[in-house]
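What follows is one structure encoded as structure tokens, with my remarks underneath.
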Amino acid sequence: MKLLEYQAKELFKEYGIPVPRGYLVVDPNDVDDRIGDSVIKAQVLIGGRGKAGGIRFAKDRESAREEAGNVLEMYISGFKVRSVLIEERLRIAREIYISIAIDRSKGLPLLLASREGGLEIESVRDDLIGRWHLTPGAEVNNIIDGIASFLALEEEKEQVAKLVASLWRLFWEKDCELVEINPLVVGDDGDIVASDAKMIINDDALFRHPELPVEEEDLTPLERKARERGIAFVQLDGGIGVIANGAGLTMSTLDTLSLYGGKGGVFLDLGGTDDVGQVVEAFRLMVEASPKVILVNIFGGITKCDTVAKGIVQAKEELRIESPMVARIKGVNEAEARKILEEKGIFALQDLDKACRKASELEASR
Amino acid sequence: MTILLDERNKVVVQGITGHQGQFHTGAMLEFGTNVVAGVTPGKAGQTVHGVEVFESMKDAARDTGADTSILFVPARFVKSATREAIDSGMQLIVIISEHVPVHDSIEIIQMAKAHGIRIVGPNCPGIGSPGKAKLGIMPNHIFKEGKVGLVSRSGTLTYEVVNALTESGIGQSTCVGIGGDPIVGTSFIDVLDLFQNDPDTSAIVLIGEIGGTAEEEAADFIMENVTKPVCTYVAGLTAPPGKRMGHAGAIISRGRGTAESKVRALKEAGVKVAAVPHEIPNLVWEVLNDA
């Protein structure tokens with residue numbers, strides 16, 4: 001789950017990471033004069049808001065109110081701006097970069113720091129980025145000298161030590177996949193302040209963080225329903241609606257469809273469910289998306305084939321499914337599944353290649 | 001010979017009384033796995049498919065001499081259950097559970113490394129050594145004994161490819177599903193190394209998918225260390241670019257991680273690349289006939 005900037009900054013404050021003075025408004029009439037020289041920042045979960053005009057500057061309350069009104073009417077990459085953060089404008093001496101993420105290869109958290117802040121970090125040269133692996137439960141005192149010197153912040157070393165320790169504590173205690181400050185501003189008074197804040201919390205750990213805000217991500221009604229029901233939902237631009245189990249199998253279904261000129265449309269991943277109701281829910285979502293063809297591709301393991309078959313039969317009885325359906329079912333309890341389907345006159349294929357070819361032909365004919 | 005697992009492993013099923021634990025204990029026993037115990041706190045004294053249920057891993061290990069465990073416990077209990085398995089002297093721990101918090105995975109994998117213990121998973125389909133034993137949730141009937149080693153990052157796609165190999169008459173030495181989470185206990189490289197040193201594995205199939213850099217790292221390793229023929233399929237060639245790539249995540253991979261980059265790296269390492277899963281058996285027949 002991504003946090004909005006102001007949500008991340010609330011947590012920064014709690015952890016003693018300095019942030020600019022500021023407040024959130026959802027209505028331009030709530031802009032007051034507690035901050036004079038200010039920055040108005042669109043609160044959206046997508047990058048590139050600066051380039052899109054989602055960051056404005058104002059000298060006084062009047063212009064701040066006007067700019068806040070403008071930004072609150074914007075859509076950035078399709079996302080409606082619902083709130084703006086109004087902050088004091090910082091006097092910037094230098095902009096740097098610091099983050100903690102997870103290094104998959106080493107299986108450890110990795111702190112990244114660079115003197116080149118404010119840019120997209122992908123565009124920064126490799127040798128200008130310092131890397132320090134962090135070990136769960138371990139202190140970070142031993143790397144502070146290295147970080148301070150890499151960032152040319154020897155004089156501000158005490159601030160660096162406090163910042164890194166807080167960032168690490170925040171990262172670990174809040175189950176983060178990413179905490180990123182870009183830019184981290186060194187003011188002309190020598191004070192270090194987090195000008196921006198990005199945080200991604202590990203979805204699988206949200207159950208132990210009731211204190212965190214609920215995600216504000218913009219979702220289509222269908223996406224929202226899918227999420228509420230624990231079904232992975234991806235909207236692509238083709239006509240074949242795919243219901244499959246597992247990300248790898250789903251991607252290979254798309255790859256195989258493309259071999260026959262077929263294109264995936266809505267794609268639903270049942271994941272590791274073994275619940276008839278969940279299968280019916282997937283069909284309910286699929287019917288709402290009204291694809292030209294429905295392709296069911298199941299290779300049962302945790303998800304047993306007979307469970308899926310019962311779900312298909314129930315969905316056929318409960319829902320008006322107008323699209324033609326191609327079902328391919330293999331794996332645990334496949335014989336039982338075939339029997340259940342055949343009793344209802346549904347014939348399931350066993351071969352993925354054949355199923356993809358048939359679905360592609362049906363798509364082309366409609 | 002097989003890698004990681006054979007009929008001698010004495011297996012404890014953690015979470016044996018749950019729906020999945022019960023079902024897959026039955027399937028593993030049918031496959032020939034030496035399941036010696038189960039553990040579910042509060043359910044000691046029960047039996048599941050004739051297997052005795054113990055209160056704790058300590059009790060199970062002491063009474064049965066178990067050395068291997070497989071976890072079917074809910075994600076939030078995986079950390080404590082794995083710690084218990086490590087403390088009870090298990091040498092191989094397979095974690096089937098999905099949705100394990102990534103920080104928990106980091107902690108338990110570090111802990112296992114410090115003790116020299118192998119973890120496979122989390123969020124994986126497990127290990128199958130046809131004719132010997134299975135530790136996982138893969139369907140029993142898709143396997144066939146033979147000489148091809150298979151390693152995969154995916155779950156159901158593993159079944160797809162194992163099934164396709166078997167249907168075309170190609171048997172397997174061992175099939176390992178390492179799991180699709182960003183952090184897993186056993187990597188492609190670990191398994192490639194084991195297959196390279198296994199005298200009864202003559203060719204290797206590697207199944208990858210987009211995201212991360214595990215396939216590129218595997219390609220580097222193959223280039224330097226693997227002399228056996230390798231065939232691969234990377235899922236997601238036609239998938240649109242994902243949204244989940246964070247900035248700092250992208251920096252770790254430095255532009256690596258797309259299907260194109262993976263396929264390129266693997267081809268450069270001399271690996272045969274299939275465009276769809278069903279091309280794999282033909283590629284394997286080619287390399288077996290060339291050998």
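The values are calculated or read from the model by the stated rules, or taken from the named source; none is laboratory data. Owing to the predicted nature of the structure, the values given are computational and were not obtained by experimental measurement. Here Cβ is always computed from backbone atoms with ideal geometry, including for glycine, and neighbour counts include all displayed protein chains.
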Of the conditions (1) in contact with a strand residue (DSSP E or B) (Cβ under 8 Å, 6 or more places away or on another chain); (2) surrounded by fewer than 22 Cβ atoms within 10 Å (Cβ to Cβ); (3) not polar (S, T, N, Q); (4) not assigned by TED's automatic domain parsing to the domain that holds A:ARG169, the single one that A:ARG82 does not satisfy is (1)
Would it be correct to say that B:LEU194 is within 18 Å of B:LEU5 (Cα to Cα) and assigned to a strand (DSSP E or B)? no
In this structure, is B:GLY131 in contact (Cβ under 8 Å) with a residue 24 or more places away in the chain, at positive phi and not in a helix (DSSP H, G or I)? yes
Return the total of residues in segment B:13-29 being more than 8 Å from chain A (Cβ to nearest Cβ), more than 12 Å from B:ASN140 (Cα to Cα) and touching a residue at least 40 places away in the same chain (Cβ under 8 Å). 6
Take segment A:313-358 and flag every residue that is part of a helix (DSSP H, G or I) and within 14 Å of chain B (Cβ to nearest Cβ). A:GLU334, A:ALA335, A:GLU336, A:ALA337, A:ARG338, A:LEU352, A:ASP353, A:LYS354, A:ALA355, A:CYS356, A:ARG357
Filter result (within 11 Å of another protein chain (Cβ to nearest Cβ), farther than 18 Å from A:ALA194 by Cβ and charged (D, E, K, R)) within segment A:112-144: A:GLU122, A:ARG125, A:ASP126, A:ARG131
In this structure, does A:VAL124 turn out to be closer than 27 Å to A:TYR6 by Cβ and at pLDDT 95 or above? no
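Residue-by-condition table, conditions (1) more than 12 Å from chain A (Cβ to nearest Cβ); (2) hydrophobic (A, V, I, L, M, F, W, C); (3) out of contact with any Cys (no Cβ under 7 Å at 6 or more places or on another chain); (4) surrounded by fewer than 24 Cβ atoms within 10 Å (Cβ to Cβ):
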| position | (1), (2), (3), (4) |
| --- | --- |
| B:THR156 | no, no, yes, no |
| B:THR166 | no, no, yes, yes |
| B:GLY169 | yes, no, yes, yes |
| B:SER173 | yes, no, yes, no |
| B:VAL191 | yes, yes, yes, no |
| B:ASP198 | yes, no, yes, yes |
Mind checking which residues of segment A:273-301 are within 14 Å of another protein chain (Cβ to nearest Cβ), among the aliphatic types (A, V, I, L, M) and surrounded by fewer than 23 Cβ atoms within 10 Å (Cβ to Cβ)? A:VAL276
Give just the number: which of (1) farther than 28 Å from A:ASP191 by Cα; (2) more than 18 Å from the chain's Cα centre (by Cα); (3) aliphatic (A, V, I, L, M) does A:ILE46 not satisfy? (2)
Please specify each residue of segment A:66-98 satisfying the condition of being in a helix (DSSP H, G or I) and not acidic (Asp, Glu). A:ALA68, A:GLY69, A:ASN70, A:VAL71, A:LEU72
From the list A:LYS2, A:LYS9, A:LYS13, A:LYS41, which one is more than 19 Å from A:LEU184 (Cα to Cα) and basic (Lys, Arg)? A:LYS2
Quick one: would you say A:ASP175 is at pLDDT 95 or above and more than 17 Å from A:LEU112 (Cβ to Cβ)? yes
Expected single match for assigned by TED's automatic domain parsing to the domain that holds B:ARG153, within 30 Å of B:GLU107 (Cβ to Cβ), out of contact with any Cys (no Cβ under 9 Å at 6 or more places or on another chain) and modelled with pLDDT of 95 or more among B:ILE252, B:ILE207 is B:ILE207
Condition test on A:TRP168, is it within 14 Å of chain B (Cβ to nearest Cβ) and either in a helix (DSSP H, G or I) or under 21 Å from the mean Cα position of the chain (by Cα) (or both)? yes
Residue identified as in a loop (DSSP other than H, G, I, E, B), modelled with pLDDT of 95 or more and either touching a His at 6+ places or on another chain (Cβ under 6 Å) or farther than 16 Å from B:LEU92 by Cβ (or both) among B:THR17, B:THR25: B:THR17
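So that you can scan it fast, the table gives a plain yes or no per residue for (1) facing chain B (nearest Cβ under 10 Å); (2) surrounded by fewer than 20 Cβ atoms within 10 Å (Cβ to Cβ); (3) aliphatic (A, V, I, L, M):
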position: A:LYS225; (1), (2), (3): no, yes, no
position: A:ASP237; (1), (2), (3): yes, yes, no
position: A:MET251; (1), (2), (3): yes, no, yes
position: A:GLY264; (1), (2), (3): yes, no, no
Test set (1) hydrophobic (A, V, I, L, M, F, W, C); (2) touching a Leu at 6+ places or on another chain (Cβ under 8 Å); (3) in a loop (DSSP other than H, G, I, E, B) - A:PHE12 fails condition number: (3)
Do you know which residues across segment B:73-91 are more than 17 Å from B:VAL102 (Cα to Cα) and either of a type in the set (Phe, Trp, Tyr) or crowded, with 24+ Cβ neighbours inside 10 Å (or both)? B:ALA85, B:MET90
Residues being within 13 Å of B:VAL11 (Cβ to Cβ) and β-branched (Val, Ile, Thr) - total across segment B:61-117: 6
Could you list, in sequence order, all residues of segment A:235-263 that are in a strand (DSSP E or B) and modelled with pLDDT under 85? A:GLN235
Output for segment A:1-49, where each listed residue is among the polar types (S, T, N, Q) and more than 24 Å from B:VAL102 (Cα to Cα): A:ASN29, A:SER38, A:GLN43
